[in-house]
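Please read the structure below before turning to the comments.
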Amino acid sequence: MGAEKPIRRMTLRQLLTHSEKCARDLADLVHTSFLGRVSDFRDLSRPVRRRSHYPTMLAMHNALRKLNESAEQMQALAGFLNEHLDAIRDHANREKVNRM
């Protein structure tokens, strides 16, 4: 998202379009990446192990690292979405004041 306008200079339509795309990307990230990594880590850490009787610390560490990376990606995308939603709210408040 390099050559885009700053958020404060976008029109309401642009803000809505970008926030909708960001929300879809966030939902897609949750379904494709995060839930799979949570499931992988859970399978390694639960009492009845499916993959092996005793997973290695390296396997646990790698699964946790991947889960953490997914969580960080989700937090960054959620922060970006939050900025857009704040700008939409500010835009709506300005419009309300201008109509009075």
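Only the coordinates and a few stated rules stand behind these numbers; no lab work does. In this text the structure is predicted, and so the values were computed from the model without any measurement. Here the Cβ positions follow ideal geometry from the backbone for every residue, glycine too, while neighbour counts run over all protein chains shown.
For the chain, the longest principal axis of the alpha carbon atoms and the long axis of helix 35-45 meet at an angle near 30°.
To make sure I understand, if each residue's beta carbon is the centre and we count other beta carbons within 10 Å, what order do Lys66, Lys96, Lys21 fall in, fewest to most? Write out the running numbers ahead of the final one.
On the way: Lys66 16, Lys96 9, Lys21 13.
Listing Lys66, Lys96, Lys21 from fewest to most nearby Cβ atoms yields Lys96, Lys21, Lys66.
Once C-alpha pairs closer than 8 Å and six or more residues apart are averaged by separation and normalised to the residue number of the chain, the relative contact order reads 44 percent.
Restricting to DSSP H runs of at least four residues, report the calculated mean residue ellipticity at 222 nm for the chain, -39500 (n - 2.57) per run over all residues, nearest 500 deg cm²/dmol. Before the final figure, lay out each step's value.
Working: 3 runs with 72 residues, N = 100.
So the helix-based figure for the chain works out to -25500 deg cm²/dmol.
Global size of the chain: 20.0, 69 Å for Rg and Dmax (C-alpha atoms, Rg to one decimal, Dmax whole).
Around Gln73, under 14 Å between beta carbons, what's the net of Lys plus Arg minus Asp minus Glu among the other residues?
Working: positive: Arg37, Arg65, Lys66; negative: Asp25, Asp28, Glu69, Glu72.
My count for the surroundings of Gln73 gives -1.
Could you state the angle between the C-alpha long axis of helix 57-99 and the longest principal axis of the C-alpha atoms of the chain, as a value from 0 to 90 degrees rounded to the nearest 10? Compared with the principal axis, the helix lies near 10 degrees.
What is the helix-to-structure angle for 12-29, meaning the angle in degrees between its Cα long axis and the longest Cα principal axis of the chain, kept from 0 to 90 and rounded to the nearest 10? Computed tilt is about 10 degrees.
When the Gaussian network model of the chain links Cα atoms closer than 10 Å, the mean-square fluctuations of Thr11, Thr56, Thr32 top out at Thr56.
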